[in-house]
1. Can you pull out the residues in the range A:118-132 that are touching a strand residue (DSSP E or B) at 6+ places or on another chain (Cβ under 8 Å), crowded, with 19+ Cβ neighbours inside 10 Å and closer than 27 Å to residue A:94 by Cα?
2. Might you check whether a residue that is touching a residue at least 12 places away in the same chain (Cβ under 8 Å) and part of a strand (DSSP E or B) occurs anywhere in the range B:254-264?
3. Restricting to the range B:85-136, name every residue that is facing another protein chain (nearest Cβ under 9 Å), within 20 Å of residue B:156 (Cα to Cα) and touching a Pro at 6+ places or on another chain (Cβ under 8 Å).
4. Looking at (1) touching a Phe, Trp or Tyr at 6+ places or on another chain (Cβ under 6 Å); (2) without any contact (Cβ under 8 Å) to a residue 24 or more places away in the chain, which is the only condition residue A:267 fails?
5. Return the residues of the range A:215-262 that are among the basic types (Lys, Arg) and within 14 Å of chain B (Cβ to nearest Cβ); say none if nothing qualifies.
6. Return the pairs, sorted by first residue and then second, in which the second residue is aliphatic (A, V, I, L, M), the first residue lies in the range B:191-202 and is without any contact (Cβ under 8 Å) to a residue 60 or more places away in the chain, the beta carbons are less than 7 Å apart, and the residues are 6+ apart or on different chains.
7. Find the residue count for the range B:198-219, including only residues that are loosely packed, with under 15 Cβ neighbours inside 10 Å and either within 23 Å of the chain's Cα centre (by Cα) or assigned to a loop (DSSP other than H, G, I, E, B) (or both).
8. Sort out which residues of the range A:280-336 are touching a Phe, Trp or Tyr at 6+ places or on another chain (Cβ under 8 Å), modelled with pLDDT under 90 and polar (S, T, N, Q), and write them in order of number.
Number of protein chains: 2
Amino acid sequence: MRAKKKVSIKDIARLSGVSVATVSRVINQNGRFSEETRRRVEKVIKEYHYTTNMTGKSLRESKSNTIGVIVPDISNELFAEIVLELEKYFFRKGYSVLICNTNEEEQKEAAYFRILESKTVDGILCISGSEDLPQEVLSTGIPIACIDRRPKGKNEVVYVESDHYLGGYIATEALIKKGCRDIMILSKQRALSVNTQRLNGYLDALRDYGIPRRDDLVVHLGDDLSNFQEARDIVFYMIKKKIRFDGIFATNDWRAYGALVALQQNNIAVPEQVKIVGFDGVSVSEFCYPAITTIQQNKKELALKAAHLLLKMVKGETVPQRHVVLPVALVERGTT
Amino acid sequence: MRAKKKVSIKDIARLSGVSVATVSRVINQNGRFSEETRRRVEKVIKEYHYTTNMTGKSLRESKSNTIGVIVPDISNELFAEIVLELEKYFFRKGYSVLICNTNEEEQKEAAYFRILESKTVDGILCISGSEDLPQEVLSTGIPIACIDRRPKGKNEVVYVESDHYLGGYIATEALIKKGCRDIMILSKQRALSVNTQRLNGYLDALRDYGIPRRDDLVVHLGDDLSNFQEARDIVFYMIKKKIRFDGIFATNDWRAYGALVALQQNNIAVPEQVKIVGFDGVSVSEFCYPAITTIQQNKKELALKAAHLLLKMVKGETVPQRHVVLPVALVERGTT
């Protein structure tokens with residue numbers, strides 16, 4: 001039995017015949033070292049009952065200090081900005097972030113979950129996507145937090161989202177209060193919880209203000225083209241078909257901008273003849289002319305709240321709140 | 001000495017007392033298995049001299065089938081689109097892609113290089129960034145390819161870039177041919193090879209057409225604000241200061257759009273009084289009004305060429321070309 005004097009990382013380095021940096025790399029499983037070095041260092045660590053200050057946990061349980069982020073499309077500015085906030089937050093906290101882009105493909109998403117697991121990330125943050133999470137991932141026990149994605153019946157998963165229902169409601173209400181009666185909604189086909197919630201907000205606002213729903217004004221866009229082109233083309237088509245409308249609620253800002261351009265190309269004055277409200281608050285809504293009234297999502301707060309909760313789970317702390325819904329706000333600009 | 005009959009993965013599974021799937025996971029270092037399982041499976045593999053069909057290489061050399069991508073800012077549409085192309089290409093080839101966002105911070109970049117190395121990626125693709133690559137990374141021997149980043153004196157690194165000099169030259173030439181004589185360049189402070197090359201193209205075009213260089217029109221923007229705001233504010237300032245100019249070469253499209261808005265706010269007609277050429281060919285240049293004449297980078301080809309070369313290196317094949325320069329093209333739109 002050896003003396004109980006507490007050994008330091010320097011002692012371990014000396015006893016293993018390697019540098020302090022190498023010991024640190026072995027402990028953190030971070031960087032290159034030979035299998036032989038690993039064995040030697042781990043042997044000394046065990047022999048001297050060395051525990052790191054960092055965690056106080058055993059070597060086997062040592063964390064990789066990486067977080068995986070799964071995102072459907074980083075070329076979507078909303079998602080990109082959330083990812084950047086996540087990255088900044090985790091890096092400050094000593095975690096690296098590995099970003100995986102799924103291109104909205106479920107198979108790819110499942111593959112990336114597996115990859116992140118095999119790369120031993122400490123936690124996974126999923127942005128948007130369907131209500132299902134791969135069952136095999138949940139069973140691994142890696143902490144998961146979701147942003148703008150409400151996992152169906154998975155009580156163990158933490159999620160943070162904007163109040164999309166409220167957003168749909170106040171967008172529609174803003175148009176109604178400005179005198180619109182025939183309000184088109186440009187929604188999306190994919191059955192994501194955010195789409196459904198925004199549509200429900202729109203429908204409830206119409207109902208509350210006694211405006212009959214017109215099914216020909218509920219437009220579900222596909223996935224083929226860019227948001228901008230799809231929206232521009234469909235609004236162009238609606239104008240040519242002489243379908244009557246005086247307001248458009250576009251469920252994202254690029255769709256709103258596409259609608260604006262279609263109206264301008266047909267010499268329909270915005271906001272005089274048709275008013276538009278977008279969603280998200282990305283730069284195009286601010287910088288185009290006229291600037292677009294939109295529902296602002298608090299991207300930074302979404303990221304920080306979710307990152308904070310995930311980090312608590314990673315550290316094994318209790319999470320005070322499993323579901324967080326953040327308010328959204330109407331930003332009035334030139335299109336209403 | 002055992003019989004030389006070739007053993008299959010099924011034999012290994014049976015002899016180790018685990019499933020075929022588990023053997024596969026151990027071989028590919030993909031997925032979860034206990035340390036004990038790993039030892040047992042590897043012992044059997046060694047004992048029976050089992051080699052996989054996949055690679056024919058030894059177990060130690062087995063690939064992780066992941067590629068790391070290092071990018072300064074995924075909220076920059078140009079970079080995001082290149083990353084998406086890379087991701088699609090590698091996924092089709094059976095590789096997962098881990099994306100790391102450096103926020104243009106050198107320290108962070110170095111940290112992410114280390115992380116990717118510790119996660120045993122098979123290759124690293126760097127987009128943009130400074131001319132220096134961390135020496136410690138090069139010494140690891142992981143294949144590296146760069147896009148729009150020309151590593152200084154590192155002959156071992158493969159890079160693919162747009163012809164930024166040509167882009168700067170033809171942008172300036174287009175303005176000169178439309179009658180501009182006082183051409184502002186909105187460049188960036190950071191000493192990246194792309195910035196220097198575009199500036200040189202601008203200067204050489206002026207010289208070739210006998211137009212004296214005016215230092216007050218060579219504007220180096222900082223890093224503080226968004227490209228749009230910075231460019232808008234500086235052009236606004238130049239107008240207020242009554243600095244004479246009749247053309248603007250903006251070294252990216254958001255800067256070009258910022259310049260356009262500043263001119264419009266001051267009732268200066270575009271393209272009648274001032275003409276603008278942007279760079280990159282991102283969506284804002286196409287969708288704003290008037291649409292912006294720009295230098296189109298072939299984002300898809302940049303990604304595919306670099307990915308193709310990196311994959312060759314990963315597979316240990318010879319690379320036919322270490323430096324690839326892709327042409328750029330002038331896309332004439334409403335601002336010239």
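1. The initial filter retains those residues of the range A:118-132 that are touching a strand residue (DSSP E or B) at 6+ places or on another chain (Cβ under 8 Å), namely A:119-129.
After this cut, where a residue has to be crowded, with 19+ Cβ neighbours inside 10 Å as well, the list is A:119, A:121-129.
Within the range A:118-132, A:119, A:121, A:122, A:123, A:124, A:125, A:126, A:127, A:128 qualify.
2. Just the residues of the range B:254-264 that are touching a residue at least 12 places away in the same chain (Cβ under 8 Å), to begin with: B:254-263.
Going one step further and asking which of them are part of a strand (DSSP E or B), we end up with none.
Scanning the range B:254-264, I find no residue that is touching a residue at least 12 places away in the same chain (Cβ under 8 Å) and part of a strand (DSSP E or B), so the answer is no.
3. Selection gives nothing.
4. That leaves (1) as the condition not met.
5. Step one: filter the range A:215-262 for residues among the basic types (Lys, Arg), giving A:232, A:240-242, A:244, A:255.
Within the range A:215-262, A:232, A:255 qualify.
6. B:199/B:185; B:201/B:166; B:202/B:185
7. 5
8. Listed by number, the list holds a single entry, A:283.
The values are calculated or read from the model by the stated rules, or taken from the named source; none is laboratory data. Values in this document were obtained by computation on a predicted structure and should not be read as measured data. Glycine gets a Cβ as well: all are built from the backbone with ideal geometry, and neighbour counts include every protein chain shown.
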